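A short worksheet on the structure shown next.
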Amino acid sequence: MEAEQPITTSEALVRASALLDRIDPDRSALSPEAQLECAALARKLTGRLDALAALLLAEADQAQASLRSTGTPTTSWLGVDQKLSRREAAGALFKAKELASHPEVGRAAASGTIGAGQARAITRVLDQLAPQLDRNQQERAAELLVDLAGSLDTDHLAKAAGLVLQEVAPRRADELLETRLQREAEAAERDRSLRFFREGGSVRFNGSLPRVEAEAWMALLDAHAESSRRCVQEERDPLAPTLTPEQRRADALIAMIHQHQVTQQAPSSGGDRPRVIVKLDYAMLLAEAAGAGLIADDQQISAGELRRLCCDAGIIPAVLGGPSEILDVGRERRLVTPAIHTALVLRDGGCVFPSCAARPGVCEAHHVVPWRLGGTTALSDLVLVCKHHHGVVEPALYGVRDQWEVRLAADGVPEFLPPARLDPRRRPIRHARFASGRGNGGGQESLSPPLTAA
């Protein structure tokens, strides 16, 4: 059988696009095996197309095609034609040049021999080894890594530098490995960074840390994440949201930040420790209007966030009225004083949400009667809750009303009313420590009823 004649790149891409337009969207009749086969093939094609797109982009940039055709550099063309941001365009061009600088890797990725992630891992290893190897050794290293990609995933390929050195430069492998590791450590120290970007109600951040410090940080995050798993009462709630590992790690970082604030470990700045100042419009606050609170750079916050902030002793509420005249700047003695916090710790012993094991050091003082509704900063109107359960009992102003509520019983012991979906009678529940002789509630019988979903 005669081999098919090759076609031009443009023609192949046009045909592929036309075939994709003809795909039947109804795949309900596919067997499980066929579904997996289609998914695997589509992923492989995606990797091949990504590699081809990168090589084509690098070739166009090398030939200055954009300058000759439109009078603008390649990154500008990507912004106008592909609607990429400057950061995205620069990143796409960098990755394209990185792949094109290793022809054998680029060909393997475009042919589907290796995946896109494997190609990135291989090029990074080759770039790390390049200063220590001559041209022949670099080519041999590329061949070896492409072969290893048949049995190693992306993570293992990224760690294969030592194995490659043992193969291409066995006599100097140990020396070259130590040199490479030292250079990596110096580069990591030099390239450390942390950037913040405000986006709506979130702050996105990215950066880079040296490996040793980053591993220590991740270990701390994992420890906090493990200690803040949902308590028993929440596990029994069928409507409680399931947290992803990424959300648990984010919660762990928030817990670390909060603990740093509570223990006042931050160095002083301008003679005082760092604070968050919240500007409140008094009339809007009384009217429960959205956007009544402003933080850094006049960023608006929700009513729920505002109420949580007003509970925190580390927050100074600056209440404004009329044409921004200052009506009242709360002082720390008007919020939770050290004496009140000590009394809270002695009475509550930690987060008072049933079955939560959070220690006092990671807890916040929560106003039972909200500050905005006239709640007082007194022991009779405060309970200790961890960051997570603070949000559980004090949601956004317009949130779902079938929620947990906290109150102080006649004997002064904090107790919670479960949502009606868990207990239609909403019988109060206390933390077990108040039935075990600890805190002001010592000696009291637990009021915990068996919960049933409504």
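The range 92-165 and the range 15-40 have Cα centres spaced 31 Å apart. With all pairs of different C-alpha atoms in the average, the Kirkwood value for the hydrodynamic radius of the range 32-190 is 17.2 Å.
Ranked by the mean number of other Cβ atoms within 10 Å per residue, highest first, peptides 144-155, 119-130, 172-183 order as 119-130, 144-155, 172-183.
Using 0.36 nm per residue and subtracting the Cα-Cα separation, the extra length available between SER10 and SER202 on full extension is 64.9 nm. Placing pseudo-labels 7 Å out from each Cα toward the beta carbon at GLN64 and LEU41 gives an inter-label distance of 4.5 nm.
Which of the peptides 353-361, 59-67, 12-20 is most tightly packed, and how do the rest follow, going by the mean number of other Cβ atoms within 10 Å of each residue?
Order by mean packing, descending: 353-361, 59-67, 12-20.
In the range 334-435, Cα pairs under 8 Å separated by at least six residues give a relative contact order of 25 percent.
Direction-averaged shadow area of the convex hull around the Cα atoms of the range 93-175, nm²? Walk me through the intermediate numbers first.
Values: hull surface 20.1 nm².
Averaged projected hull area, Cα only: 5.0 nm².
Where a number appears in this text, it was derived from the coordinates with a stated rule and is not lab data. As the structure is a computational prediction, the values presented were derived from the model and not from experiment. All Cβ positions, even for glycine, are placed from backbone atoms using ideal geometry, and neighbour counts span all protein chains on display.
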